[in-house]
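Working notes for the structure below.
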Amino acid sequence: QANQENLQWLDDKNSQLTEKKATIQEQLTVVTRNLNELQASNPAFTLKFRDPEPNFDRRKVKGRVFSLFEVKEQKFIKALEAIAGGKLYNVVVDNEMTSKLLLKKDCFSGISIIFIPNNKIVPQEIPQDKVDLIRRIAEDNQGEARPAYELIKYDQNLKNTMQYVFGNTVVCSTMELAKKIAFNPRTRCKCVTLEGDVVDPSGTLTGGYMNAQTSICLLYTSDAADDLLCVDLGGRRIIKKKK
């Protein structure tokens, strides 16, 4: 009797897992189709260019920023999109000579391109002593705060580029924590909440901006996309600082 019950439980469990797998595959198909449609309608999602010279090593062109990293957890997507903004579509190349050559030969057929030469770009890493203080403040307030570049995975050869795009900015779990870190004289740095609200040490608070195309793109390239169809593409709101 016990063996029969165990077998029945295993059968039921297997059926549940099969149904769940089918649902996830269906969701992935929808997201993939949406992404393909976006890529077809927007050249910013693709990277097509002509070789500037014979035997050109195309590995010198690394790709658009958004394609060169993965978001560690889905909850960080809004914040990272708010931090990077248009830089997500910049094209990363190995050095400034490659970018000059591509521009000179008009390899992108007149499409406006902003290059990031990985060897020359200046990273904006937050000093470790400040990071440690920021974490203590977060812990004291039962929250979480981390430099944005710690929330992504990427090739370490592209560290300069990623710290340029996401550097000098802290992602905070709440607005109150973001204010405490941004306006603290000892930490004083730009903070962004998980909802994409930006708190600048200068005193301005803006936020909530969410670009639908970018968000879908970051979700698709993230290994944190475990709930593919439940992405809040949001709108934009302005938050006024209390006097």
(request) Just grab the label-to-label distance for Lys130 and Asn34, each label 7 Å out from Cα along the Cβ direction, in nm (one decimal). (result) 3.7
(request) Mind checking the full-extension length gain between Met97 and Gln142? Use 0.36 nm per residue of separation minus the Cα-Cα distance, one decimal, nm. (result) 11.4 nm
(message) List the residues, sorted by chain then number, that are 5 or more residues from Gly196 or on another chain and whose placed amide H is less than 5 Å from its amide H.
(response) Ala79
(message) Quick one: 3J(HN,Hα) in Hz for segment 67-81, Karplus 6.51/-1.76/1.60 with θ = phi - 60°, rounded, Gly and Pro as x.
(response) 8, 10, 8, 10, 7, 5, 9, 4, 5, 8, 4, 4, 5, 5, 5
(message) To the nearest 20 Debye, how big is the dipole of segment 154-203 about its Cα centre, given +1 on the beta carbon of each Lys and Arg and -1 on that of each Asp and Glu?
(response) 280
(request) Treating only the Cβ atoms of Lys and Arg (+1) and Asp and Glu (-1) as charged, compute the dipole magnitude of segment 1-102 about its Cα centre; round to the nearest 20 debye. (result) 520
(message) Cβ neighbours within 10 Å, averaged per peptide: list 163-169, 96-102, 10-16 in order, most packed at the top.
(response) 163-169, 96-102, 10-16
(request) Report ³J(HN,Hα) in whole Hz for each residue of segment 45-50, in order, from the Karplus equation J = 6.51 cos²θ - 1.76 cosθ + 1.60 where θ = phi - 60°; Gly and Pro get x. (result) 7, 10, 9, 10, 8, 8
(message) So, taking all protein chains as they sit and a 1.4 Å probe, how much accessible area belongs to Asp57, in Å² rounded to tens?
(response) 60
(request) Please name which of Pro201, Ala145, Pro123 has its Cα lying farthest along the dipole of segment 115-216 towards the positive end, using unit charges on Cβ (Lys, Arg +1; Asp, Glu -1) and the Cα centre as origin. (result) Pro123
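The values are calculated or read from the model by the stated rules, or taken from the named source; none is laboratory data. Note that the structure is a prediction, hence the values are computed from the model and not measured. Note that we place each Cβ from the backbone using ideal geometry, even for glycine, and neighbour counts take in every protein chain shown. The accessibility values were calculated without ligands, DNA or RNA, using every heavy atom of the protein model including side chains. Shrake-Rupley method; radii C 1.70, N 1.55, O 1.52, S 1.80 Å.
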